[in-house]
Each structure stands twice: as C-alpha cells, then as structure tokens.
Amino acid sequence: MNKLGISIFLLRMVLGISFFVHGLVKFQGGIGNTAGWFESIGIPGFLAYVVGTIELVGGIALVLGLGTQIVSALLAFVMIGAILKVKFAIGFLGTAEMAGYELDLAFLVIALFLAGNGSKLWSVDGALFHKTANE
C-alpha cells in the first residue's frame, strides 16, 4: 500500500459514490421525468435510461472496483455529453438558476484518469486478477 494507491482509491470512491447518487436521484425522481427533460433539450428520451443506468450501476461498480477502466470511460462519455449539451452554454460557474460545468469537468478528469490507469487497491478487479495494488 502506498500514497499513490490510496489517492487513486479515494478518487474511485468519490467518483463512484457521486455517480451512484446522481443515478439514484434520476430513478427516484421518476426516470420518465428525466426522459421528458432530455427530450425538452433535444436529446432522445431513451438516453435518460441509458445515462441513469450507467450512473447508478457504474457508481456501484466503481465503489466495488469492478471494471473500473471500462466504467470510467462510459462515465467520461456521459460527462462530455453533459458539458457540451447542457452546461457549456451557461459557463464555468453557471447562473443563479443552474450550476456551471466546473463539477462536471472535475468528474470528467477523474473519470479519464481512472479509465487510463485503473484502480486496483481494495478492488474486486485487484482480487480477481491478482495484480499489484495500484498502479
């Protein structure tokens, strides 16, 4: 166990918990409502189900350390879509009505890091594939 491994583990946990909560809220609030909102901004409604599932299941997978690189790549695509389609026009800090893309950008960078590097410390992947703890 080393400082780098622990730091990457913490990034994985924060990203996983954050996305799990975002996905959970989409389903608890009625995924149909989210689909309607997607359609109102020009995104096909069925993508709300895709995004919500990636966030919910992907968040759990990250917390467990299961498929970290693949899940993180999917979450990076979700964040790119959120930034470009929803948040970019309102700016980095946003407005009084809506947050900007600063948090989305931070999540994107963390997801890209994990997609490229993985996180084996205290993970299912590390246990299954017996790789050295983090890289």
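The values are calculated or read from the model by the stated rules, or taken from the named source; none is laboratory data. Source: prediction; values computed, not measured. Methodologically, a virtual Cβ is constructed for each residue, glycine included, from the backbone with ideal geometry; neighbour enumeration extends over all protein chains shown.
Remarks
- Between Val86, Val57, Val51, the distinction of being in contact (Cβ under 8 Å) with a residue 40 or more places away in the chain, in a helix (DSSP H, G or I), surrounded by 14 or more Cβ atoms within 10 Å (Cβ to Cβ) and not small (Gly, Ala, Ser) belongs to Val86 only.
- Applying a threshold of 8 Å to beta carbon distances and a minimum spacing of six or more residues, or different chains, the list of pairs starting in the range 113-135 at a residue that is surrounded by 13 or more Cβ atoms within 10 Å (Cβ to Cβ) and assigned to a loop (DSSP other than H, G, I, E, B) and ending at one that is at pLDDT below 90 and of a type in the set (Ser, Thr, Tyr) reads Lys120/Thr132.
- Selection count, the range 116-135, where residues are more than 10 Å from Gly65 (Cα to Cα) and either modelled with pLDDT of 95 or more or aromatic (Phe, Trp, Tyr) (or both): 3
Matching residues to (1) free of Cβ contacts under 8 Å to residues at least 12 places away in the same chain; (2) in contact with a strand residue (DSSP E or B) (Cβ under 9 Å, 6 or more places away or on another chain); (3) of a type in the set (Lys, Arg):
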site: Leu4; (1), (2), (3): no, no, no
site: Gly16; (1), (2), (3): no, no, no
site: Lys26; (1), (2), (3): no, no, yes
site: Asn33; (1), (2), (3): yes, no, no
site: Trp37; (1), (2), (3): yes, no, no
site: Gly42; (1), (2), (3): no, no, no
site: Phe46; (1), (2), (3): yes, no, no
